[in-house]
1. Output the residues belonging to the range 80-100 that are out of contact with any Cys (no Cβ under 7 Å at 6 or more places or on another chain), under 19 Å from His31 (Cβ atoms) and modelled with pLDDT of 95 or more.
2. Which of (1) at positive phi; (2) of a type outside the set (S, T, N, Q); (3) crowded, with 19+ Cβ neighbours inside 10 Å; (4) in contact (Cβ under 8 Å) with a residue 60 or more places away in the chain does Gly176 not meet, given it meets every other one?
3. Being under 16 Å from His144 (Cβ atoms) and surrounded by 13 or more Cβ atoms within 10 Å (Cβ to Cβ), is that true of even one residue in the range 198-212?
4. Answer with yes or no whether Ser158 is loosely packed, with under 15 Cβ neighbours inside 10 Å, modelled with pLDDT of 95 or more, within 24 Å of Ser12 (Cβ to Cβ) and among the small types (Gly, Ala, Ser).
5. For the range 72-106, name all the residues that are outside any loop (DSSP other than H, G, I, E, B) and out of contact with any strand residue (DSSP E or B) (no Cβ under 8 Å at 6 or more places or on another chain).
6. Considering only the range 1-71, give the helices (runs of 4 or more DSSP H) lying wholly within it that have at least 1 residues that are surrounded by 18 or more Cβ atoms within 10 Å (Cβ to Cβ) and of a type in the set (Val, Ile, Thr).
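The values are calculated or read from the model by the stated rules, or taken from the named source; none is laboratory data. What you see is a predicted model, and the numbers here were worked out from it, not measured in a lab. Glycine also receives a Cβ, built like all others from the backbone with ideal geometry; neighbour counts cover every protein chain displayed.
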Amino acid sequence: MRPLFTLNNRLSLCAQMVRKGVRIADIGTDHAYLPVWLVRAGFVPFALACDIKAEPLKAGELTIKKYHAEDMVQTRLCDGLDDVRADEVDDIIIAGMGGETIVHILSSTSWLKDTEKRLILQPMSKHELVIDYLYQNGFELKEHHCTVSEGKIYTAFSAQFTGNKKDFDELFTYTGLLNKDNEDHLRFLHSIINHLEKKSKANPHFGEIAKEIRERFSL
């Protein structure tokens, strides 16, 4: 059997938050690297590789065949989770897309409000919108991590529905569970501050948030 490939840091960040032994759906799977790696490495027994576009899904099918994962990974052409049933999967990975798109997918899928389901989310932009949506709708962050991949800093977090709407402020939507004692977390915090300070030229409110982050984390 062909030796298994190594995930890059960005995808590895998502993989480390998947619960061992569950069934997963990878939304926006592209080349299906993540689901194939998870099943072939023995972390999960079954995966759905989903994408809204046919061409990336064809590339994913080639990856599945190349690594002989046909019995464990199925592809599905669909918009978000529209054609995924609640009884098919336990952990749902949505990575590699903007925060607004992730919020749209989450808000369109009512069965995610289940305490047995786990979300692994990796927004490429506007992660604060995703965290805001989660806490407005009874979800809670379980883990929050960052990594550097190909010179870029990424963040990802897992979340689960609790039904309890906890109090949170705007600052939390930007910083989540980040810890400045972690080098990658610190780098991401600085990237948030830089982004907010640039936006403050058009709206001073963002500069106030950047200042609050500096103060809360003593940066």
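1. In the first step, residues of the range 80-100 are kept if they are out of contact with any Cys (no Cβ under 7 Å at 6 or more places or on another chain); the result is 80-83, 85-92, 94, 96-100.
Within this subset, residues satisfying the condition of being under 19 Å from His31 (Cβ atoms) are 80, 92, 94, 96-97.
Scanning the range 80-100 gives Gly80, Ile92, Ile94, Met97.
2. It fails just one condition, (4).
3. Going through the range 198-212, the residues under 16 Å from His144 (Cβ atoms) turn out to be none.
No, there is no match, as no residue in the range 198-212 is under 16 Å from His144 (Cβ atoms) and surrounded by 13 or more Cβ atoms within 10 Å (Cβ to Cβ).
4. Values: loosely packed, with under 15 Cβ neighbours inside 10 Å: no; modelled with pLDDT of 95 or more: yes; within 24 Å of Ser12 (Cβ to Cβ): yes; among the small types (Gly, Ala, Ser): yes.
Here the answer is no, as Ser158 does not meet what is asked.
5. Let us first name the residues in the range 72-106 that are outside any loop (DSSP other than H, G, I, E, B), namely 73-77, 91-97, 99-106.
Passing the criteria: Glu100, Thr101, Val103, His104.
6. On the way: elements: 9-15, 33-40, 54-66.
Because the criterion is at least 1 residues that are surrounded by 18 or more Cβ atoms within 10 Å (Cβ to Cβ) and of a type in the set (Val, Ile, Thr), the helices (runs of 4 or more DSSP H) in the range 1-71 that meet it are 33-40, 54-66.
For every residue, the table says whether it meets (1) within 16 Å of the chain's Cα centre (by Cα); (2) within 21 Å of Phe46 (Cα to Cα).
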{"position": "Leu81", "(1), (2)": "yes, yes"}
{"position": "Ala86", "(1), (2)": "no, yes"}
{"position": "Ile105", "(1), (2)": "yes, no"}
{"position": "Leu121", "(1), (2)": "yes, yes"}
{"position": "Glu143", "(1), (2)": "yes, no"}
{"position": "Cys146", "(1), (2)": "yes, no"}
